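The values are calculated or read from the model by the stated rules, or taken from the named source; none is laboratory data. If you're wondering where the values come from, they're calculated on a predicted model, not measured in any experiment. Ideal geometry is used to build each Cβ from the backbone, glycine not excepted, and the neighbour counts take in all protein chains shown.
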Amino acid sequence: MVSFVLSPLKLVSLMVMFIGTMLSVTSQELVGVWVGLELNLYGFLVLMNPDGQHNPEACVKYFVVQSTGSILMLVGFLILTKCILVSAFTIMMAGALLKSGVFPLHSWVPSIMKNSSWFAGGLMLTWQKVAPLVFLSMVIPYEGVIIFIVAMAGIGGVGGLNQNSVRVMSAYSSFVHTSWMLLSVTLSSVVFVAYFAVYSLSVGLFFYGCSLMNKMSMGSQISSAVSGVGLLMLMGMPPFLGFAAKVLVFLTSSSPGIIACISGSVVSLKFYINFFYSMMIKSLVDKVKTSSVIVWGLVTGANFMGAGFILVSFI
């Protein structure tokens with residue numbers, strides 16, 4: 001937060017990104033939706049690599065993907081003015097699917113997440129999904145939404161099983177949560193906002209803890225605790241907020257898509273638990289190493305003091 005206050009460029013980019021999303025969500029005109037998405041894109045591109053210290057590959061890939069999605073949506077808007085409804089809605093839907101990373105145009109998300117910073121990756125998995133998902137719920141019929149929900153839950157649950165990268169695992173985890181958000185946005189805006197808020201908090205805690213993993217031993221233990229809480233929330237384990245959010249969607253939904261969402265969450269528990277155990281073991285090993293260093297230092301110091309006393313007594 002301090003870096004944003006001290007950097008006007010980051011602060012302005014964050015504001016542009018926020019204003020773009022709100023304009024896209026609240027606009028009643030298709031042109032307003034497109035303008036809001038473009039503002040959001042320009043603001044986020046700066047935040048992906050504000051200091052030029054990260055690998056530019058992720059930023060370039062993200063720009064190409066989002067620009068392609070924007071072009072498809074704009075073409076769909078223009079065709080819609082010619083009253084070609086089927087073609088227009090198909091092209092608009094393809095653009096929105098590409099921008100939000102929803103099946104079948106989802107494969108770019110893991111590759112970009114792998115090379116992104118923790119902050120940019122967290123924003124890409126949370127805030128950047130809001131406007132495209134809301135637009136998708138408006139242009140896709142209910143039966144189509146169910147297909148995407150089932151596909152995202154299956155891909156997210158199965159795809160993350162053999163992943164070694166935490167960022168890539170988080171990308172596949174976001175696919176499962178995207179299925180929940182797609183279901184919730186078709187139910188009620190209140191349910192969607194509640195689930196999205198809990199999911200964003202979970203990702204924020206998890207990524208913040210992961211970004212501190214390479215600090216000192218005490219910082220490593222604190223970061224492990226923060227990451228653990230975020231991970232348990234992402235799992236949906238009781239009594240954490242992630243469980244309450246999923247129960248809220250479950251109680252308000254009568255759609256068969258809820259079965260796919262629950263199935264994807266159950267399968268994803270496997271890689272969640274694997275990472276949770278490895279993180280806890282690493283924290284314990286760091287603690288043992290720190291204790292060993294302290295004991296070695298005390299013993300060495302005591303030996304030097306003893307040698308000094310013996311030398312002084314001989315003198």
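Quick notes
- Picking from residues in segment 23-48 that are of a type in the set (V, I, T) and surrounded by fewer than 18 Cβ atoms within 10 Å (Cβ to Cβ), the one that is farthest from T126 (Cα to Cα) is V31.
- Those residues of segment 185-207 which are modelled with pLDDT of 90 or more and of a type outside the set (A, V, I, L, M, F, W, C), in sequence order: Y195, Y199, S200, S202, G204
- Looking only at segment 221-277, and only at residues there that are among the aromatic types (F, W, Y) and part of a helix (DSSP H, G or I), the one that is farthest from G144 (Cα to Cα): Y277
- A Cβ distance below 8 Å, combined with a sequence gap of six or more or placement on separate chains, defines the contacts here; from segment 58-73, residues that are part of a helix (DSSP H, G or I) reach residues that are acidic (D, E) in the pairs S70/E38.
- Scan of segment 159-168 for residues that are part of a loop (DSSP other than H, G, I, E, B) and touching a residue at least 12 places away in the same chain (Cβ under 8 Å), ordered by number: G160, L161, Q163, S165
- Residue match in segment 116-126 (condition: over 14 Å from Q66 (Cα atoms) and touching a Gly at 6+ places or on another chain (Cβ under 7 Å)): yes
- Per-region count, segment 248-261, residues within 14 Å of S184 (Cβ to Cβ) and either surrounded by fewer than 18 Cβ atoms within 10 Å (Cβ to Cβ) or small (G, A, S) (or both): 8
- Flag for W180 being surrounded by fewer than 24 Cβ atoms within 10 Å (Cβ to Cβ), under 15 Å from the mean Cα position of the chain (by Cα) and at negative phi: no
- Total residues in segment 108-129, condition over 13 Å from the mean Cα position of the chain (by Cα) and farther than 25 Å from F77 by Cα: 2
- Qualifying residue in segment 169-179 (condition: free of Cβ contacts under 8 Å to residues at least 60 places away in the same chain and not β-branched (V, I, T)): yes
- The one condition in (1) modelled with pLDDT under 90; (2) touching a helix residue (DSSP H, G or I) at 6+ places or on another chain (Cβ under 7 Å) that M216 fails to fulfil: (2)
- Residue in segment 8-22 that is nearest to D51 (Cα to Cα), counting only those that are loosely packed, with under 14 Cβ neighbours inside 10 Å and at pLDDT below 85: L9
- Only one of V139, V109 that is at pLDDT 90 or above, closer than 24 Å to G20 by Cα and in contact with a Phe, Trp or Tyr (Cβ under 9 Å, 6 or more places away or on another chain): V109
- G76 vs. criteria touching a residue at least 12 places away in the same chain (Cβ under 8 Å), part of a helix (DSSP H, G or I), among the small types (G, A, S) and closer than 25 Å to L212 by Cα: no
- Answer residue from segment 103-143, given it is surrounded by fewer than 23 Cβ atoms within 10 Å (Cβ to Cβ) and among the aromatic types (F, W, Y) and is nearest to T178 (Cα to Cα) among those: F103
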